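A.B. asks: Once you've had a glance at the structure underneath, I'll fire off some questions.
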Amino acid sequence: MEQGALDTPRPAGLLTGTVNDEANRTQAGDRHGVRAAMKNTGAIAVSRRGEARKANPGRSARPPTRGKAGRPERLPAEWVERVFGRDELKLARVIVGFAWFLIELGCFYGGLVWLGAVFALVAAVGALQTCREWRRVGSQPNRFVAALGAGGMPLAAGWGIALCGLVLLALPVAAVAAALLRRRRRTPLLAAAGATVRSSALIGLAAAAPVLVFRVSDVGALLLIVLISGYDLGRYLVGAGSSSPLAGPIAGIVVAGVLTFSVSVAVEIFEMKPFADAGHAWVFGGVVAFTAPLGELVGSMVLPHASAPAPALRRLDSLMLAGPAWLFLLWNYLGVS
């Protein structure tokens, strides 16, 4: 081909048509992209919540389920997932729960020292597990201070409520000191100290309650453990895998009521001080039925979210309110010192 043929100018009309065709193709592509974006907006909005759950490794991912009409079931509100954990029924957990009950009974036989030591160990492990979950979401609780405070309360309770209270009062001071001495300060001072206290205080009080009750009345402490264990058993067997967050607590209350009836009959037949009659047994059993479910909610609020794995804390959460309430009734209702 000759050089002159390459340099031959194109007609003006042909050049204009080419430019217009390119502009039309560009506009058509833009319109197609806008329509595709509008079409995908709904899918993006629907999947946004699922992506948020995947971003948080502590939350349990749930596959989409469908109702009877074939429509997706409505997901529970955020506050429901915040305070109600989702359990799966596993034989291993039932065996561990039964073994824990036998260990508690053995501690009653061993005496106050063994009871305080076992509950101190469980409280320390629960505090460490709670600190681990808070660190996963970016907080900075001090694990050593949290474990020492939670485990120190049941040990101190063996010598009296005054020493246990002293450990509780020293916990915030130690938490602030630990937050000041940390090397990497990714969170504010009070936030780090507050996370430490949150991971320790209530767990330690729940573990110290049976020890303090045992100092007042060994029979009262034994009945407290029996009723709490019965509630936990009923709540787990029925509530695990249930779609309703209330099924488990209701079942636990029913089991606690049945055990309370048995205790009331035993009180009428045998001499079980400090309970003088069956009415006392029903009062204390009613307190457990009311406070044990609330204690589980308090335990969920201690964690970043209810589904965070903290097995040691879940062994104690039913005692967070029931234990102190039981001790208060022994002091002020029955007059036991």
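The values are calculated or read from the model by the stated rules, or taken from the named source; none is laboratory data. These figures come from a predicted structure and were not determined experimentally. All Cβ positions, glycine included, derive from the backbone under ideal geometry; neighbour counts span all protein chains shown.
A.B. asks: Scan segment 315-328 for residues that are in contact (Cβ under 8 Å) with a residue 60 or more places away in the chain and in a helix (DSSP H, G or I) and report the count. Walk me through how you get there before you give the answer.
C.D. replies: Step one: of segment 315-328, the residues in contact (Cβ under 8 Å) with a residue 60 or more places away in the chain are 315-320, 322-324, 326-327.
Checking the rest, the ones that are also in a helix (DSSP H, G or I) come to 319-320, 322-324, 326-327.
Qualifying residue count for the region: 7.
A.B. asks: When G165 is evaluated against the numbered criteria (1) in contact with a helix residue (DSSP H, G or I) (Cβ under 6 Å, 6 or more places away or on another chain); (2) surrounded by fewer than 24 Cβ atoms within 10 Å (Cβ to Cβ), which criterion, by number, is the only one it fails?
C.D. replies: (1)
A.B. asks: Counting residues that are of a type in the set (V, I, T), at pLDDT 95 or above and over 19 Å from the mean Cα position of the chain (by Cα), which helices (runs of 4 or more DSSP H) fully inside segment 115-214 reach at least 2? Walk me through how you get there before you give the answer.
C.D. replies: Numbers: elements: 143-157, 161-181, 189-198.
By residue number, 161-181.
A.B. asks: I've got another one for you. Which members of segment 277-299 meet the condition of being β-branched (V, I, T) and within 12 Å of T260 (Cβ to Cβ)? Outline the logic, then answer.
C.D. replies: Taking segment 277-299 as the starting set, the residues that turn out to be β-branched (V, I, T) are 283, 287-288, 291, 298.
Listed by number, the residues that qualify are V283, V287, V288.
A.B. asks: Could you identify the single residue in V238, V298 that is closer than 26 Å to A127 by Cβ and in a helix (DSSP H, G or I)? Explain how you work it out, then say what you get.
C.D. replies: Values: V238 fails: closer than 26 Å to A127 by Cβ.
Step by step, each of V238, V298 is checked, and only V298 is closer than 26 Å to A127 by Cβ and in a helix (DSSP H, G or I).
A.B. asks: Kindly provide the set of residues from segment 263-279 that are part of a helix (DSSP H, G or I) and surrounded by 14 or more Cβ atoms within 10 Å (Cβ to Cβ), ordered by number.
C.D. replies: Initial filter on segment 263-279 (part of a helix (DSSP H, G or I)): 263-269, 278-279.
Matches in segment 263-279: V263, S264, A266, V267, A278.
A.B. asks: So W331 clears everything in (1) surrounded by fewer than 19 Cβ atoms within 10 Å (Cβ to Cβ); (2) touching a residue at least 60 places away in the same chain (Cβ under 8 Å); (3) touching a helix residue (DSSP H, G or I) at 6+ places or on another chain (Cβ under 7 Å) except one condition, right? Which one?
C.D. replies: (3)
A.B. asks: Can you pull out every residue in segment 206-219 that is surrounded by fewer than 24 Cβ atoms within 10 Å (Cβ to Cβ) and either touching a strand residue (DSSP E or B) at 6+ places or on another chain (Cβ under 8 Å) or closer than 22 Å to R143 by Cα (or both)?
C.D. replies: Scanning segment 206-219 gives a single hit, V219.
A.B. asks: Name every residue in segment 241-262 that is outside any loop (DSSP other than H, G, I, E, B) and hydroxyl-bearing (S, T, Y), in order of residue number. Please lay out each step first, then the result.
C.D. replies: To start, the set of residues in segment 241-262 that are outside any loop (DSSP other than H, G, I, E, B) comprises 247-262.
Scanning segment 241-262 gives T260, S262.
A.B. asks: OK, next. Take the residues in segment 241-261 that are of a type in the set (S, T, N, Q) and surrounded by 14 or more Cβ atoms within 10 Å (Cβ to Cβ); name whichever of them is farthest from W282 (Cα to Cα). Step through it out loud before you land on a result.
C.D. replies: Residues of segment 241-261 of a type in the set (S, T, N, Q): 242-244, 260.
Applying the additional criterion that residues be surrounded by 14 or more Cβ atoms within 10 Å (Cβ to Cβ) yields 242, 260.
Working: S242: 29, T260: 6 Å.
Going through the qualifying residues, I end up with S242.
A.B. asks: Just one of the numbered conditions (1) assigned to a loop (DSSP other than H, G, I, E, B); (2) surrounded by fewer than 20 Cβ atoms within 10 Å (Cβ to Cβ); (3) not aliphatic (A, V, I, L, M) is not true of W282; which one?
C.D. replies: So W282 meets the others, but not (1).
A.B. asks: Let me ask something additional. Looking at (1) surrounded by fewer than 16 Cβ atoms within 10 Å (Cβ to Cβ); (2) in a helix (DSSP H, G or I), which is the only condition V288 fails?
C.D. replies: (1)
A.B. asks: The conditions are (1) closer than 19 Å to L327 by Cα; (2) free of Cβ contacts under 8 Å to residues at least 12 places away in the same chain, and L202 fails exactly one of them. Which is it?
C.D. replies: (2)
A.B. asks: While we're here: Just one of (1) within 19 Å of the chain's Cα centre (by Cα); (2) at pLDDT 85 or above trips up E88, so point out which.
C.D. replies: It is condition (2) that E88 fails.
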